[in-house]
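Colleague: A single structure is presented below for examination.
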Amino acid sequence: MTTSAPEHQLDSDSLLKNESINELSDKGSSPYIRFPSGSDCTEQALQKRWQHLAKVNKSSNSHDRHLYSGEDLSLYAANIENCIGTVKLPVGIAGPIRVNGSYAKGDFLLPMATTEAALVASYHRGSVLISKVGGCTALLLSEGVTRSPGFSFKNIVDLANFSQWLLVNKDKFSNLVKQTSRYCQLIDIRIAVEGNHLYLFCDFTTGDAAGQNMVTIASQAICEYIIANTPIQPEYWFVEANCSGDKKATAQSFSNVRGKKVTVEVQIPEKFVKRFLHTTPQRMVDCWRMSALGGVISGSMGVQGHYANSLAAMFIACGQDAACVAEAAVGITRFEINSDGGLYCSVTLPNLIVGTVGGGTKLPSQQACLTMMNLPEDNQARAFAEVCASAALAGEISIIGSMAAGDFTHAHKNLARER
């Protein structure tokens, strides 16, 4: 007995029969026109780019009013190239959420920039519930940002001698790092080997900055010192050999840290589960268990529902590197019945790459969102990480509660489609 592929599924034979394949080698007859590039955000530069767009797209300048209407964009010059304007996203507020953290202590508003209806409402519900039961407890466990330069050698013998020289001289690297930034500190040097390739893990702390650029500059200084002084020269080297976990989900994040590792928990009495979520602790644990096993079956990195929703929304609103959601949205959610018959909930996020200075945090709207959160003056980035983890906990409680109560579809239909 043979079975055919579903009608909607394209097999290789169908693709190869596509007549447009013959056009793949056609490079086009029209000349390539370069876009007016540059990092300047002056009105003259923007007008030049929009004139170019109007010409190549055969459209009038009236189409640019949604992206650029003559506002002063000089404040964005350090954050963008080839600028043509700005994209506006609605920003909503969830919370406040009460956090009893090692650095975040108090009630915090959660600014969220998103186009997904029902998202803010869901996190708001979870935040209110957490606050009603006295708040969640947050603990920053560790922090560090890694760069992983890579070195290639002729053979393993050269690599071994190079490794010995590194370990003997690694104490000299700390002073080099301090010369690149007063906030960047080298906390550890580690080595991994694959054949004649050596991966050098340089672990840093970066103060209140997220620190990706900071650690890149520091690692470059370390590598240049190594090349200038080591008696065993590598055949070639790179300042980042893709072993740091930068902007991707990795297994090593569970045994190490990238950014800030935070764990958060809350105890919710049964009556509050019934009142706010319209379900029971037992049904929520059942739903979490099935979801956790579903994640295992699908091969997900970590066990969680939707960390990326809150992290992406808060990262965009608060000037974080949105691409870091790829690594930050890795972690573990756990629900259990506690000894009082209530619900125990926890989340652990090992890769919160966040900062409150530098990057996009100095832009006007993003700075306003950070300011309204009323973070403490000292250790702001650590407090911000604990608030981000608390927001993720609120989202996990809300979505599992919605699934357990059977109103997930209705809520999205009501808020996202028929509103």
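The values are calculated or read from the model by the stated rules, or taken from the named source; none is laboratory data. Quick caveat: nothing in here was measured; it's all calculated off a predicted structure. For neighbour counting, all protein chains shown are included, and Cβ atoms are generated from backbone atoms with ideal geometry for every residue, glycine included. Just so you know, the surface numbers come from the protein's heavy atoms only, side chains and all, with ligands and any DNA or RNA stripped out. Shrake-Rupley method; radii C 1.70, N 1.55, O 1.52, S 1.80 Å.
Colleague: Could you give me the ³J(HN,Hα) list for the range 111-118, computed from phi with Karplus coefficients 6.51, -1.76, 1.60 and θ = phi - 60°, whole Hz, x at Gly and Pro?
Modeller: x, 9, 9, 7, 10, 8, 4, 5
Colleague: Could you compute how much accessible surface residue 69 exposes when probed at 1.4 Å, giving the result in Å² to the nearest 10?
Modeller: Rounded to the nearest 10, that gives 90 Å².
Colleague: Compute a Gaussian network model of the chain, connecting alpha carbons closer than 10 Å, and tell me which residue from 74, 148, 398 fluctuates the most.
Modeller: 74
Colleague: Report the antiparallel proportion of the DSSP beta bridges in the chain as a percent, rounded to a multiple of 5. If you can, show how the numbers build up before the last one.
Modeller: Numbers: 47 of 52 bridges.
Rounded to the nearest five, the antiparallel share is 90 percent.
Colleague: So for the range 135-260, what are the equivalent ellipsoid semi-axes in whole Å, largest first, each being the square root of 5 times an eigenvalue of the Cα gyration tensor? Working shown, then result.
Modeller: On the way: eigenvalues 145, 58, 27 Å².
That gives 27, 17, 12 Å for the three semi-axes.
Colleague: Taking the Cα centre as origin and putting +1 on Lys and Arg beta-carbons and -1 on Asp and Glu beta-carbons, what dipole magnitude results for the range 249-312, to the nearest 20 debye? Present the calculation step by step, with values, prior to reporting the outcome.
Modeller: On the way: 8 positive and 3 negative charges, 29 e Å.
So the dipole magnitude of the range 249-312 works out to roughly 140 debye.
Colleague: Quick one: pull the percent of accessible area on the range 267-313 belonging to carbon and sulfur, 1.4 Å probe, ligands and nucleic acids left out.
Modeller: Values: 1570 of 2580 Å².
Of the solvent-accessible surface of the range 267-313, carbon and sulfur hold 61 percent.
Colleague: Round to the nearest 0.05 the FRET efficiency obtained for residue 197 and residue 322 when R0 = 45 Å and r is the Cβ-Cβ distance. Spell out each step's value before the answer.
Modeller: Numbers: r = 31 Å, r/R0 = 0.70.
E(calc), rounded to 0.05, equals 0.90.
Colleague: Of 164, 193, 122, which is farthest along the charge dipole of the chain in the positive direction, counting Lys and Arg as +1 and Asp and Glu as -1 at C-beta?
Modeller: The listed residue farthest towards the positive side: 122.
Colleague: While we're looking at this one, here's another question. How charged is the neighbourhood of residue 302? Take every other residue with its Cβ under 14 Å from the Cβ of residue 302, and add Lys/Arg as +1 and Asp/Glu as -1. Let's see the in-between values first.
Modeller: On the way: positive: 248, 258, 261, 334; negative: 327, 396.
Around residue 302, the charge tally is +2.
Colleague: Span-like helices, the chain: DSSP H, alpha-carbon axial extent 18 Å or more, mean Kyte-Doolittle 1.0 or greater, which ones?
Modeller: On the way: long enough: 43-56 (20 Å, -1.07); 119-132 (20 Å, 0.47); 156-169 (20 Å, 0.94); 212-229 (26 Å, 0.65); 281-298 (25 Å, 0.22); 380-405 (37 Å, 1.03).
Span-like helices, by this rule, are 380-405.
Colleague: Each label point is 7 Å from the Cα along the Cα-to-Cβ direction; what then is the distance between the points at residue 132 and residue 37, in nm?
Modeller: In this crude label model, residue 132 to residue 37 measures out at 5.5 nm.
Colleague: Rank these residues by their accessible area, most exposed first, probe 1.4 Å: 102, 298. Don't skip to the end; give the middle numbers.
Modeller: Numbers: 102 45, 298 90 Å².
Putting 102, 298 in descending order of accessible area: 298, 102.
Colleague: Ok, one more. Under a 1.4 angstrom probe, counting protein chains only, how are 200, 140 ranked by accessible area, largest first? Could the numbers behind the result be given before it?
Modeller: Numbers: 200 0, 140 25 Å².
Ranked from most to least accessible, the order is 140, 200.
Colleague: Using only the alpha carbon atoms of the chain, find the Kirkwood hydrodynamic radius as the inverse mean reciprocal pair distance, in angstroms to one decimal.
Modeller: Numbers: mean 1/r = 0.0405 Å⁻¹.
Value: 24.7 Å, from the Cα pair sum.
Colleague: Same structure again: Would you tally the net charge around residue 223, using a Cβ to Cβ cut-off of less than 11 Å, leaving residue 223 out, and scoring K and R as +1, D and E as -1?
Modeller: Numbers: positive: 147; negative: 224, 240.
Combined, the nearby Lys, Arg, Asp and Glu give -1.
Colleague: Amide H of residue 241: which non-local residues (sequence gap of 5 or more, or other chain) have their own amide H closer than 5 Å, using H built in the peptide plane?
Modeller: The answer is 148, 150.
Colleague: I want to verify the translational diffusion coefficient of the range 298-407 in µm²/s; compute it with Stokes-Einstein, Rh as the Kirkwood radius over Cα pairs, at 37 °C and 0.692 mPa s.
Modeller: Working: Rh = 15.0 Å.
Once the numbers are plugged in, D ends up at 219 µm²/s.
Colleague: While we're here: Note the full-extension length gain between residue 174 and residue 47 as 0.36 nm times their separation in residues minus their Cα-Cα distance, in nm to one decimal.
Modeller: On the way: separation 127, 0.36 × 127 = 45.72 nm, distance 4.70 nm.
Gain in length upon complete extension: 41.0 nm.
Colleague: Kindly report, to the nearest 10 Å², the accessible surface of residue 403 as traced by a 1.4 Å probe over protein heavy atoms only.
Modeller: Approximately 90 Å² for this residue.
Colleague: To continue, here is another question. In units of 2.2 N^0.38 Å, what is the alpha-carbon radius of gyration of the range 317-371?
Modeller: Values: Rg = 16.2 Å, N = 55, 2.2 N^0.38 = 10.1 Å.
Rg over 2.2 N^0.38 Å, computed on Cα atoms: 1.61.
Colleague: Please state the charge dipole magnitude for the range 215-354, taken about the Cα centre, from unit charges on C-beta atoms (+1 on K and R, -1 on D and E), reported in debye and rounded to the nearest 20.
Modeller: Numbers: 11 positive and 11 negative charges, 120 e Å.
Computed charge dipole of the range 215-354: roughly 580 debye.
Colleague: Hey, if we sort 81, 327, 194 by accessible area with the 1.4 Å probe, largest down, what's the order? Numbers along the way, then the final one.
Modeller: Working: 81 125, 327 0, 194 100 Å².
Highest to lowest solvent-accessible surface, that is 81, 194, 327.
Colleague: Still on this structure, please answer the following. Would you mind computing Rg(Cα) / (2.2 N^0.38 Å) for the range 30-182, counting N as its residues? Don't skip to the answer; put the middle values down first.
Modeller: Details: Rg = 25.8 Å, N = 153, 2.2 N^0.38 = 14.9 Å.
Taking N as the residue count of the range 30-182, the ratio is 1.74.
Colleague: From the convex hull of the Cα coordinates of the range 176-215, what is the mean projected area in square nanometres? Before the final figure, lay out the partial values.
Modeller: Values: hull surface 13.0 nm².
Answer in nm², one decimal: 3.3.
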